[in-house]
1. Using each residue's phi in segment 16-22, evaluate 6.51 cos²θ - 1.76 cosθ + 1.60 at θ = phi - 60° and report the 3J(HN,Hα) Karplus result to the nearest Hz, with x for Gly and Pro.
2. Around Asp108, with a cut-off of 12 angstrom between Cβ atoms, what is the net charge of the other residues, counting Lys and Arg +1 and Asp and Glu -1?
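Each reported figure results from applying straightforward, stated rules to the coordinates on display, with no laboratory input. Treat the numbers as computed from the prediction; the structure is a model and nothing was measured. Note that each Cβ is placed from the backbone with ideal geometry, even for glycine, and that neighbours are counted across all protein chains shown.
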Amino acid sequence: MLELMELLRADPDDRGLRTAALLRRSHPFDKELQIAGLVHRLGHLLRLSDGTVTVGVAAESIRPLLGERVARLVRLQSPQRAAGAGGGHREGDDVEAEAVATLCQARDSAAAAGLDAGVLEDWQPLLQLVAAGSCRVGSPGNALDPLGAPRGSSRAW
C-alpha cells in the first residue's frame with residue numbers, strides 16, 4: 001500500500017485524484033469505481049524500460065492489491081483501447097460497459113483545471129478497504145458508505 005501511495009504522489013497534475021473525486025460525487029456507493037479513477041493513470045507512472053506506457057502493466061500490477069474489478073476497469077478505460085489498439089475484444093469486457101463509460105467521462109472531465117479534489121491521503125482509508133475486499137460490488141458491506149457522505153454532499157446519512 002505504501003508503494004502505491006508513493007506512486008500516486010508522483011502524478012504531476014493530480015488527474016487521478018480529480019477523477020476519483022468526480023466519481024465519488026457521482027457514484028458515492030461504488031468504491032471500486034472511485035479507486036479505479038484514482039489509479040487509472042498508473043500506466044503513465046509505471047513506464048517500461050523502453051519508455052513506453054502500458055495500461056495492461058498498470059492493471060496487472062494492481063490486480064493482487066485492489067482486485068479483479070478495479071484492474072479490469074483500469075484496463076478497459078484506456079484511450080488506446082477505446083481507439084481499437086487494446087489487443088482485441090475479450091469476453092466479459094461488456095459486463096462493466098456502463099462503469100467504464102462513467103470512468104472515461106470522469107477521466108476526461110478531470111482534465112479541466114480548478115477542481116478541488118482534496119489530498120491523496122484522504123483516499124488511503126478507502127484504498128485499504130478495497131484492498132481488504134470490504135467494498136466489492138454487491139457485497140453487504142457496500143450498502144453503506146464506510147467513510148460517510150462524500151464531501152459537498154448535502155444528503156443526510
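1. These are the phi-based 3J(HN,Hα) values: x, 5, 5, 4, 4, 5, 4 Hz.
2. Details: positive: Arg15, Arg18, Arg107; negative: none.
Overall, the nearby charge balance is +3.
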